[in-house]
Amino acid sequence: EHPSAYQHLSPVIAHRGASGLAPENTAAAIELAAQQGAHWAEVDVTISADGIAVIFHDNDVNRCTDGRGLVIQQTLAQLKTLDAGSWFSPFYANQRILTLTDLLALANQLELNLNLEIKPTIGREVETVWAMAKALQQVPFEHTLLFSSFNMLALSAAQQHLPDITRALNVEAIPRDWQQRLEDTGSTGLHFAADFFDPVAVADIHAAGTPMAVYTVNDHETAQKLWKAGVKAVFTDYPERLLLLPLPTDH
Ligand code: G3P
Ligand code: MG
């Protein structure tokens with residue numbers, strides 16, 4: 001048995017990097033998270049038209065770049081021409097969409113652990129996991145890696161092709177059959193939305209010894225409430241805010 005990534009998980013995970021203060025999923029946001037003292041960053045992974053794993057949240061480039069259209073319909077060369085920072089602030093005009101290999105090299109350097117959220121285009125789940133496996137071969141990761149996804153097919157593909165990397169199932173609300181879903185995907189952890197916090201379900205999951213992480217938490221009160229309930233980590237757009245708090249002791 002391989003040790004679980006959850007043994008190394010910190011209570012604060014930078015959500016898409018320090019995405020409250022820098023353009024999400026870019027090098028600037030990752031660097032800022034590390035600068036602010038975060039030990040973990042979460043980013044979203046999908047593939048380009050030519051099957052390269054890239055760090056991007058949306059299906060299309062409209063919101064977070066100066067381009068238009070679907071990520072899956074543009075080659076890496078095309079995606080690399082886009083400005084991924086100006087939409088956030090002119091200060092970040094030089095930011096580019098990262099490939100997963102770019103990100104792995106950067107996180108190796110920054111000594112940052114990574115939660116790679118697999119966000120496949122529906123129908124391209126297996127290709128997305130293959131692309132991730134290829135990137136991990138090209139740039140071996142030196143720190144702790146945790147996979148997560150809302151997509152059961154992506155998790156199953158990860159279980160098959162990269163079995164040693166700890167997996168988590170992402171959901172919005174906690175499903176009644178959470179245990180079955182974790183089993184079906186060989187997942188260790190459950191990540192859910194803070195808006196759907198359910199103290200009874202959380203107590204059950206905690207009692208079962210299943211690690212939980214919760215997104216997106218940008219205020220002290222919510223973070224403290226969740227940590228007290230046994231949640232191992234919260235995803236935040238403002239790591240600095242939550243890192244100023246007394247952090248939870250082991251639970
Ligand atoms: O992985 C946690 C969180 O990032 C899931 O939601 O939409 O921010 O990727 P989203
Ligand atoms: Mg995400």
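Every read-out reported here was derived from the displayed coordinates using simple, explicitly stated rules and does not represent laboratory data. Being a predicted model, the structure only gives us computed values, none of them experimental. Backbone-built Cβ (ideal geometry, glycine too); neighbour counts: all protein chains shown.
What the table shows:
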| read-out | value |
| --- | --- |
| The chain: most fluctuating residue of Ser86, Ser187, Ser19 per GNM, C-alpha cutoff 10 Å | Ser86 |
| Gained length - His206 relative to Asn62, 0.36 nm times residue gap less alpha-carbon distance | 47.9 nm |
| nm² value of the averaged projected area, convex hull over the Cα atoms of the chain | 12.5 nm² |
| Virtual spin-label span in nm between Glu183 and Ala133, 7 Å along Cα→Cβ | 2.6 nm |
| DSSP bridge orientation in the chain - percent antiparallel, rounded to nearest 5 | 15 percent |
| Proximal lysines to Lys119, defined as alpha-carbon separation beneath 21 angstrom and excluding residues fewer than eight positions away on the same chain | Lys80, Lys134 |
| Percentage relative contact order, the chain, counting C-alpha pairs under 8 Å, at least six apart | 20 percent |
| Highest-MSF residue in the chain out of Asn62, Asn113, Asn25 [GNM, Cα springs under 10 Å] | Asn62 |
| Extension reserve of the Lys228-Asp198 stretch, reckoned as 0.36 nm per residue once the Cα distance is removed | 9.5 nm |
| 18 Å Cα-Cα reach of Lys232 towards aspartates and glutamates, excluding residues that sit fewer than 8 places from it in its own chain | Glu42, Glu117, Glu172, Asp195, Asp198, Asp204, Asp219, Glu221, Glu240, Asp250 |
| Acute angle (nearest 10 degrees) that the helix 152-161 long axis makes with the longest principal axis of the chain, alpha-carbon atoms | 80 degrees |
| Extension gain (nm, one decimal) between Ala173 and Met152, 0.36 nm per residue minus Cα-Cα | 6.0 nm |
